[in-house]
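The values are calculated or read from the model by the stated rules, or taken from the named source; none is laboratory data. Note that this is a predicted model, so its numbers are computed, not measured. Ideal geometry is used to build each Cβ from the backbone, glycine not excepted, and the neighbour counts take in all protein chains shown. Ligands, DNA and RNA are stripped out before the accessible areas are found, and what is left, the full protein with its side chains, is counted by its heavy atoms. Shrake-Rupley method; radii C 1.70, N 1.55, O 1.52, S 1.80 Å.
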Amino acid sequence: MTATQTASEPTADKPVRRFGDRLFAGAARGSGILILVILAGVAAFLVAEAIPALLAPAEDVPGGEGLFAYVDSLVFGTLLASVIALVLGAPLAVAIALFITHFAPRRLAMGLGYLVDLLAAIPSIVYGFWGITWLAPKLVPFYQWLEANLGFIPLFSGPASATGRTMLTAGIVLAIMILPIVSAISREVFTQVPTLHKEAALALGATRWEMIKMAVIPYGKSGVIGGSMLGLGRALGETLAVTLVLSVGGGITFDLISSSNPGTIAANIALQFPESTGIAVNTLIASGLVLFVITLAVNMLARWIVNRRADFSGAN
């Protein structure tokens, strides 16, 4: 074979790619780069606008105690409300996903799946109105019972709110809001469990629940974790629902049933930004930068956990 023939003939290592394949690959690569550029642009804008607040004297920052004193209670409230939402919402979402995929009859499963997915289409302001007009008043007797019977626990030390607009109410509303995200991802992961794994467990004499515990949940654990982290990211950035439901009246506190609640970053920006000027605007943008970093860290952690579990499963 001559050198000319070798150069002209396609090799097995470099297959001929059609124009449509090259176009799609270029579009996909460009889209990925565009996302990174937009993310970098947002980060650069937030940093540039936050610098005046970082360099300003403490007395010029709203509250008169400096930027970090202004942000710390907001960060605490944001994390607390999001953790409550995750603790309440994620297990319920996984249970719903298991029921739809492995217990419910086909027709009921399809209808229930559509119903759960429709929860994601409800605007957040509707959740906020529902929380403040119906849910919060209904929870007042429950909060009074918690104070009377479990008041020795710092979470329920009280005094119980007379309106129900507490951190726990906000967490419950957020739990309902993240439920369709976590449930949809968990449902998709559970349906992809190999049938042979499930049949093997049943053939060994396992009950349906034992089969789920041994075959389904371990297989879908990384997907459940990833979905839960996405739900946590949604809860971290929620604005309108928390703004309407939460009654902000204090600094850092773990009391979930009183009216002395820390605020959240997103809700504070929504409330304060329209009337803010000068350094106050830079302070709000600086708090938005903190929320941006927290959300980015949560998503990166979720990706790391999912990839780590995938690599571990592949190694085994």
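Here are some notes:
- Electrostatic dipole magnitude of the chain [Cβ: Lys, Arg +1; Asp, Glu -1; Cα centre; debye, to 20]: 1360
- Exposure rank, largest accessible area first [THR277, THR78; 1.4 Å]: THR277, THR78
- For the chain, the solvent-accessible area works out to 56 Å² per residue, with a probe of 1.4 Å and every protein chain left in place.
- Dipole orientation for the chain: of the candidates ASN282, THR78, GLN192, GLN192 has the Cα lying most toward the positive pole (charges on Cβ; Lys, Arg +1; Asp, Glu -1).
- Protein accessible area in the range 74-280, 1.4 Å probe - carbon and sulfur %: 69
- Karplus 3J(HN,Hα) series, Hz, for the range 148-155 with 6.51 cos²θ - 1.76 cosθ + 1.60 (x for Gly, Pro): 6, 9, 10, x, 6, 8, x, 5
- Here is how the number arises for the chain: DSSP H runs of 4 or more residues each give -39500 (n - 2.57), the sum is divided by the residue count, and the result at 222 nm is -24000 deg cm²/dmol.
- Filtered GluC sites (Glu not before Pro), the range 43-74: DSSP coil and at most 15 other beta carbons within 10 Å: GLU65
- Residue with peak Gaussian network fluctuation, the chain [Cα springs, cutoff 10 Å], from GLY278, GLY288, GLY251: GLY278
- Highest GNM mean-square fluctuation among SER161, SER31, SER222, for the chain modelled with Cα contacts below 10 Å: SER31.
- Gaussian network model of the chain, springs between alpha carbon atoms under 10 Å - residue of GLY171, GLY263, GLY41 with greatest fluctuation: GLY41
- Gyration tensor (alpha-carbon) shape descriptor, the range 187-257, a/c threshold 1.5: prolate
- On the principal axes of its alpha carbon atoms, the range 106-160 extends 46, 27, 17 Å, with the longest extent given first.
- With the highest mean first, a sort of the peptides 197-208, 179-190 on other beta-carbon atoms found within 10 angstrom per residue produces 179-190, 197-208.
- Selected from LEU46, LEU118, LEU232, residue furthest toward positive end of dipole (the chain; charges at beta carbon): LEU118
- Working note: Cα gyration tensor of the range 74-280, eigenvalues times five, square-rooted, sorted largest first, giving semi-axes of 37, 19, 15 Å.
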